[in-house]
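Engineer: Got a structure here, written out as structure tokens. Questions coming.
Every number here is computed from the coordinates shown, using simple stated rules; none is lab data. None of these values were measured; they are calculated from a predicted model. Virtual Cβ from ideal backbone geometry, glycine too; neighbours counted across all protein chains shown.
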Amino acid sequence: MTRRDFYRYGSIVLGSLIKLVIAVPAVAFLASPLRKRGQDAGEVAFAALTSLNQLKVGVPRSFAIIQDQTDAWIKYPSEPVGSVWLIRQPAGTKPEVIAFTVECPHLGCAINLTADGKSFLCPCHASAFDFDGKPQNQVPPRPMDRLDVELTAEPDPQVRVKFQRFRTLAQERIPLA
Amino acid sequence: MLDQLAEWLDDRTGYRTLIRTFSEEQIQGGARWRYVFGSTLASVFLIQAVTGVLMMTAYSPSSASAWGSVYYINNIMWMGWFIRGLHHFGASTVMVLLVFHLLQVVLTGAYRKPREVNWWFGLALLVLTVSFGHTGYQLPWDQKGYWATKVMTNILGGAPLFGPYLKTIVVGGTEYGNQTITRLYGLHVAILPILMILCLWAHVMLARRHGLTPPARPERWAAETYWPAQTFRNVAFLSIVVGIMVSLDLIKGGAPLDAPADPSSSDYPARPEWFFLCLFQMLRHFPGRLEWVGSIVIPSTILLVLFLVPLLDRILPSRFLHFLACAGVFGLLGGAGYLTVEALKADAADPQFQEARRKADAAHERALFLAASPQAGIPPEGAGFLLRHDPLTHGHAALEKKCLGCHFLGGQGTGEQTAADLKGFGSRTWVRGLLENPAATAYFGKVPSLGGMREWKKRSKLNGKQLDDVADFVASFARIPDDLTAEEWLISPGVAEHPGNQPFQKECGQCHIIEGFTEGGTRDAPGLFAWGSTRWLSRMIRKPGAPDLYGFFEDKAQMPPFGPDQLRGNDLEMIIRFLHNDYPLMPGTELKGTVAGVTVKMNDQVADQKY
Ligand code: FES
């Protein structure tokens, strides 16, 4: 190896090393949102929204989900984080209450009722669903997302819902971690 | 394939020629180690730019959010501490390299014709770098940044004539806050970088136009091309520099982040970054009236002289001036070094500084702990409220200020004790101790007007077991919910059958009245319903003279009431939560009074005695 070669390879090796020392942490830094945080990844709890008698059979009503929210470094106590549609089923059917998240499985807009109140319609790209959450046209990739519901044991039971988010556009219902 | 693509690109852009003009530049007298500083400086500037832009993707410039976002970068984001630390130590590195670069230029007389203009660009870069350094460490809006901003802008404001106006413009008003941060941020990430790039570009272009300053008789050595001989030296030196930066970063675990800015703190020991310590120390040698001489006249005179050096070269004999310039620069460095050492020594020998620093460190640790704690977290109002909503920090401070002039806490107070010790007030231990010996100094020993308990003790027939039960019973009062009346409480489960209920009613009830339960009447005594609970405590603090409390006292013996004017709602809440031990605690620490930063007063006294 001549002196000139030594300079050449030396420059290249050392130069690349320095670039790596900066570039690797830089990529990790930018990819930080992929990191699962203890609090976020924790168990989602059921939250009571209303009592059963407040719901009329077959008439959807929407309820806001109030949760403690962590927005990067700030902790917001009891903030609305989303909402759900609750539909009470005819007496005797199981489950007694069905809960849908309002988030559209297409691209995440909030699903509303149609003007006549007979079915669901998303205001963004017109995904249509019936009250069982089944798609009524080609737009949505899957049915509306059902949430787990729990009824308490009281005479007028509390309706408790486990609020989750799901990946949009997927055929399957994939919860976001 | 790749070759073809490169061929095509070169044809359209001519990039190869451009690279060649750099890499094939002839160096008279061959490559040299003393040429490395300029290139290394440029490279470290580039690292500063990269790490800086990375942090811009995560930093949020406002007085409520700056600290939180830096905390987030430092403690939550992947490698955030590393990136921020690199930026932090990079700033110091630039300062050191600048000095070396300047030295090298002065020693070789490179300010002489034809390089005058480039010498001036170099000076401009020096000023810009110092401005970068100063605007940078204020951005986290921690204690250090806040107080540094204050000092820096007040220096500006002290300048004759336009000073006060300039200061208002920089601060964005008379108060330090959102506008101050957005302005400093704008300076640091846009205005200064643009000026820097322009000056750096001109500096490099001129340097290339004139070529490197060769040694006296370059013919003695063979000429070399820039690449790879000089490049290797540059990169090798840069590797050492970056190696040092990275090691510092790893050893120190990144850059420090003090507790969030607190304009009300009275004893924060503000110190600038080490490279400003010499200026800081120099100010101590000036009387306040002449402060602007030290902070403005001297630095600008130095700059002016440096600026004039290439012009003086035409008037004075060149060799003589060169000698003067070298002597001057070394003299300056020596002076700066002397002042820096003096500043460090003064701090090391100053117990008050050490103590203030220890408190600041404790606050910083507490703040970081709270920000990460699931029971606390940074509140929506901003990081400034992190410690203000912490009973351990704020509650204790408020208690000390308002209460410990008469009360004691764990045997310590700020005045002469004339009231009970509040350590554990409301707890079973406190009650049990009182029942055992009301005359102890921790209880009513120092409160002559509270003789009732002592009298009771003399004639009490309760045995130890019964006293235990009564203590349990009374301690349970603190847990009575706020919405429960005495009547409802009496019929709630666990009250009637409590073993302490009977003895309480029989003995305590002779004086202490609880409606529908005890009669009182033997002697005046405060009501004990919900004693020690939040509602009882806040009523006791707000209206100690209420008929159901100590209304029977004459005014002289009465505890002064603390209305909303004397004690704000948050202070009251924090004091009560502090007494209730209602706060998250760092693992490995004990409750109350033992956590660093809490034993404030006590340590002050200890420190006084020691020195
Ligand atoms: S988001 Fe609902 S239809 Fe597209």
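Engineer: How much length would be gained if the chain were fully extended between B:ALA496 and B:ASN154, taking 0.36 nm per residue of separation minus their Cα-Cα distance, in nm to one decimal?
Structural biologist: Result for the pair: 116.4 nm of gain on full extension.
Engineer: OK, next. What list of ³J(HN,Hα) couplings, whole Hz, do you get for region B:120-128 from phi and the Karplus terms 6.51, -1.76, 1.60, once you set θ to phi - 60° and write x for glycine and proline?
Structural biologist: 5, 4, x, 5, 4, 5, 4, 4, 4
Engineer: Scan around A:VAL97 for amide H atoms under 5 Å from its own, H built in the peptide plane at 1.01 Å from N, and keep only partners 5 or more places away or cross-chain.
Structural biologist: A:GLN89
Engineer: Considering only C-alpha atoms, what is the centroid distance from region B:404-422 to region B:570-586, in Å?
Structural biologist: Between the Cα centres of region B:404-422 and region B:570-586 lies a distance of 18 Å.
Engineer: Using a cut-off of 21 Å between alpha-carbon atoms, which lysines can reach B:LYS461, once sequence neighbours fewer than 8 places away in the same chain are excluded?
Structural biologist: Answer for B:LYS461, where 21 Å is the Cα cut-off: B:LYS506, listed by chain and number.
Engineer: Is the shape of the protein assembly as shown rounded, prolate or oblate, going by the alpha carbon gyration tensor and its root eigenvalues a ≥ b ≥ c, with a/c under 1.5 for rounded and a/b larger than b/c for prolate?
Structural biologist: It is oblate, given that a/c is not under 1.5 and a/b is not larger than b/c.
Engineer: So what is the calculated 222 nm ellipticity per residue for chain B, using -39500 (n - 2.57) for each DSSP H run with n of 4 or more, over all residues, to the nearest 500 deg cm²/dmol?
Structural biologist: -18000 deg cm²/dmol
Engineer: Please report the Cα spread of region B:271-349 along all three principal axes, rounded to whole Å, starting with the longest.
Structural biologist: 47, 25, 18
Engineer: Of the beta bridges DSSP finds with both residues in the protein assembly as shown, what % are antiparallel, to the nearest 5?
Structural biologist: Here the share of antiparallel DSSP bridges comes out near 95 percent.
Engineer: Does region B:368-608 come out rounded, prolate or oblate, given a ≥ b ≥ c as the square roots of the eigenvalues of its C-alpha gyration tensor, rounded meaning a/c under 1.5 and, failing that, prolate meaning a/b above b/c?
Structural biologist: Judged from the Cα gyration tensor, region B:368-608 comes out prolate (a/c at least 1.5, a/b above b/c).
Engineer: Collect residues whose amide H, placed 1.01 Å from N in the peptide plane, falls under 5 Å from the amide H of B:ALA259; neighbours closer than 5 in sequence don't count.
Structural biologist: B:GLN143, B:HIS364
Engineer: So which aspartates and glutamates can A:LYS118 reach, going by Cα to Cα under 18 Å and dropping same-chain residues fewer than 8 places off?
Structural biologist: A:ASP130, A:ASP132
Engineer: What FRET efficiency comes out for A:PHE6 versus B:SER131 if R0 is 45 angstrom and r is the Cβ-Cβ distance? Round to the nearest 0.05.
Structural biologist: 0.65
Engineer: 7 Å from Cα along Cα→Cβ at both B:ALA439 and A:LYS162: what's the point-to-point distance in nm?
Structural biologist: The modelled label-to-label distance comes out at 6.5 nm.
Engineer: Here is a follow-up. Could you calculate, for chain B, the ratio of the Cα radius of gyration to the Kirkwood radius, expressed as Rg to Rh?
Structural biologist: 1.15
Engineer: How many angstrom lie between the C-alpha centres of region B:490-545 and region B:105-132?
Structural biologist: 81 Å
Engineer: Separate question: Which links in B:LYS150/B:LYS401; B:LYS402/B:LYS457; A:LYS75/B:LYS401; B:LYS401/B:LYS423 stretch past 23 Å when you go from one Cα to the other?
Structural biologist: B:LYS150/B:LYS401; B:LYS402/B:LYS457; A:LYS75/B:LYS401
Engineer: Continuing with this model, one more query. Mind listing the phi-derived Karplus ³J(HN,Hα) values for region B:507-513, rounded to whole Hz, using 6.51, -1.76 and 1.60 with θ = phi - 60°, and x for any glycine or proline?
Structural biologist: Karplus values, whole Hz, x for Gly and Pro: 9, 5, x, 5, 10, 7, 9.
Engineer: Which value, in debye to the nearest 20, gives the size of the charge dipole of the protein assembly as shown about its Cα centre, when Lys and Arg are +1 and Asp and Glu are -1 at the Cβ?
Structural biologist: Its charge dipole is roughly 2620 debye.
Engineer: Residue by residue, what Karplus-based ³J(HN,Hα) values in Hz, rounded to whole numbers, does region A:6-22 have, using 6.51, -1.76 and 1.60 with θ = phi - 60° and x for Gly and Pro?
Structural biologist: 4, 4, 5, 5, x, 4, 5, 5, 4, x, 5, 4, 4, 4, 5, 4, 8
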